[in-house]
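Here is the structure we will look at, set down as structure tokens.
The values are calculated or read from the model by the stated rules, or taken from the named source; none is laboratory data. Treat the numbers as computed from the prediction; the structure is a model and nothing was measured. FYI the Cβ positions are ideal-geometry reconstructions off the backbone, even for glycines, and counts take in every protein chain you see.
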Amino acid sequence: MQAPTVGFIYPDHAAEDDYPLAAAVLGARLPVAHIYGTDLHAIPELLDLGSPDKLRHGAELLAPQQPDAVVWACTSGSFVYGPEGARDQARALADAAEVPASSTSLAFVAAARALDVRRVAIAASYPDEVARLFVEFLADAGIEVVSLSSAGIDTAAEVGTLTPAQVRELAVTNDHPDAQALLIPDTAMHTLAVLPELEAALGKTVLTANQVTIWEGLRLVGSTAPAASLGTLFAEGHSYVGH
């Protein structure tokens, strides 16, 4: 059976090397196309980054790879549009790519539902104003945020320089005992290599942006092969149909 191909539209450059790392583990083709905008975690810039024209261009860049599905690999550039706006964004991307499509924000919701997670803590790298939009996005899906922390990092490039030790510190210091899972919502952060360590340290599920983005793409093509090194979400081949 031929390995699935899932294409990812990734903003600028930061932690895109999480994708070949996952591809090697999963035996899937996970090509990444880059689009560019102002590298700033601010609402006007994020609205521009996730605009239909930019995502259409990303779909065009991925077309030669003949993807079976496409995912907009940006949390803030999807939840900034609000729940209905994010769904519209994914539908427009699907039309442009002519394959099923989704985004990282929608992936977080789907992953939480697949694991029956209803109460979460968020360790965000964004400024508080942006992070609170993610809280509202999750609330619309019936997911309660029991704790929110905002590291206040202004640019994705800076987030991409965080070391494994710094990512671990961010997770450990911003968990909450009432949370069933910790969410780390920035695709600019390298997290895949440290997922088992994070879950062991916290004793609970950790969902990170690049992890759920890759899982969502594979879910769209019906591939849910287990991969324990990519955290609880991948450990048992969880799947969830619909948003």
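Checked against the criterion of being in a loop (DSSP other than H, G, I, E, B), among the charged types (D, E, K, R) and in contact (Cβ under 8 Å) with a residue 12 or more places away in the chain, region 215-224 has no qualifying residue.
Exactly one residue out of Glu84, Glu16, Glu45 is modelled with pLDDT under 90 and among the charged types (D, E, K, R): that is Glu45. Could you tell me which residue of region 200-210 is nearest to Asp178 (Cα to Cα), considering only residues that are buried (at least 20 other Cβ atoms within 10 Å of the Cβ) and free of Cβ contacts under 8 Å to residues at least 60 places away in the same chain? Per the stated criteria, the residue is Val206. Of the residues making up region 168-220, those that are basic (Lys, Arg) and farther than 23 Å from Val71 by Cβ number 2.
Of the listed requirements (1) without any contact (Cβ under 8 Å) to a residue 40 or more places away in the chain; (2) hydroxyl-bearing (Ser, Thr, Tyr); (3) closer than 24 Å to Phe234 by Cα; (4) not assigned by TED's automatic domain parsing to the domain that holds Glu216, Ser125 misses just one: (1). The residue pairs whose first member lies in region 30-43 and is of a type in the set (S, T, N, Q), whose second member is at pLDDT below 95, and whose beta carbons are closer than 6 Å, counting only pairs six or more residues apart or on different chains, are Thr38/Glu45. Taken as a whole, the condition of being in the same structural domain as Ser223 (by TED's automatic domain parsing) and free of Cβ contacts under 8 Å to residues at least 24 places away in the same chain applies to Ala24. Among the residues making up region 69-83, a single one is over 27 Å from Ala28 (Cα atoms) and of a type in the set (Val, Ile, Thr): Val80.
Applying the set (1) without any contact (Cβ under 8 Å) to a residue 12 or more places away in the chain; (2) not in a loop (DSSP other than H, G, I, E, B) to Val172 leaves exactly one unmet item: (1).
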